[in-house]
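Below: the structure, in structure tokens.
The values are calculated or read from the model by the stated rules, or taken from the named source; none is laboratory data. Being a predicted model, the structure only gives us computed values, none of them experimental. All Cβ positions, even for glycine, are placed from backbone atoms using ideal geometry, and neighbour counts span all protein chains on display.
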Amino acid sequence: MEITLRINGEYKTFTTDFISGRMFRRSIEMQKHFKDGGANLDEQTLDEMVGFVVDAYGKQFTIDQFYDGIPSDQLISTITKTINAVVGRVVRAAGSDNDPNQIPAQQ
């Protein structure tokens, strides 16, 4: 997985190649927030989701760096892409290309 954030005026790219089983479990929890289309999204839930992204990248950046470094129009799509990437790895490893729980990509 890869993410690019603007930190201190510079674009920095972060990658991770290890996704733990715990992150897969948490991704299932995060998917529940999108079941209603995200209509009930509040600050606390958003912070939880951003914390998930930070943890997925091994805390290479902070929650504040994520919020300040991601363009606002990419915030939700970046969260959903991260969740889908974590789930997708497990699904592919299990031998299935179709994940019925996958979050539809946000445009």
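Miscellaneous remarks
- Residue satisfying condition, being under 11 Å from ILE79 (Cβ atoms), surrounded by 11 or more Cβ atoms within 10 Å (Cβ to Cβ), touching a residue at least 12 places away in the same chain (Cβ under 8 Å) and not polar (S, T, N, Q), within set ILE3, ILE7: ILE3
- Some residue of the stretch 39-47 being outside any helix (DSSP H, G or I) and modelled with pLDDT of 95 or more: no
Per-residue answers, yes or no, for (1) modelled with pLDDT of 90 or more; (2) of a type in the set (Lys, Arg); (3) loosely packed, with under 15 Cβ neighbours inside 10 Å:
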site	(1), (2), (3)
ARG25	yes, yes, yes
PHE52	yes, no, no
SER72	yes, no, yes
ILE103	no, no, no
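- The single condition among (1) over 21 Å from VAL90 (Cα atoms); (2) surrounded by 13 or more Cβ atoms within 10 Å (Cβ to Cβ); (3) among the β-branched types (Val, Ile, Thr) that THR13 does not satisfy is (2).
- Enumeration of residues in the stretch 14-45 that are touching a Leu at 6+ places or on another chain (Cβ under 8 Å) and not aromatic (Phe, Trp, Tyr): HIS33
- Every residue from the stretch 19-38 that is in a helix (DSSP H, G or I) and either out of contact with any Phe, Trp or Tyr (no Cβ under 9 Å at 6 or more places or on another chain) or hydroxyl-bearing (Ser, Thr, Tyr) (or both): GLY21, ARG22, PHE24, ARG25, SER27, ILE28, GLN31, LYS32, HIS33, PHE34
- Flag for ILE3 being at pLDDT 95 or above and not in a helix (DSSP H, G or I): yes
- Qualifying positions in the stretch 48-70 - farther than 14 Å from ILE7 by Cβ and part of a helix (DSSP H, G or I): GLU48, MET49, VAL50, GLY51, PHE52, VAL53, ASP55, ALA56
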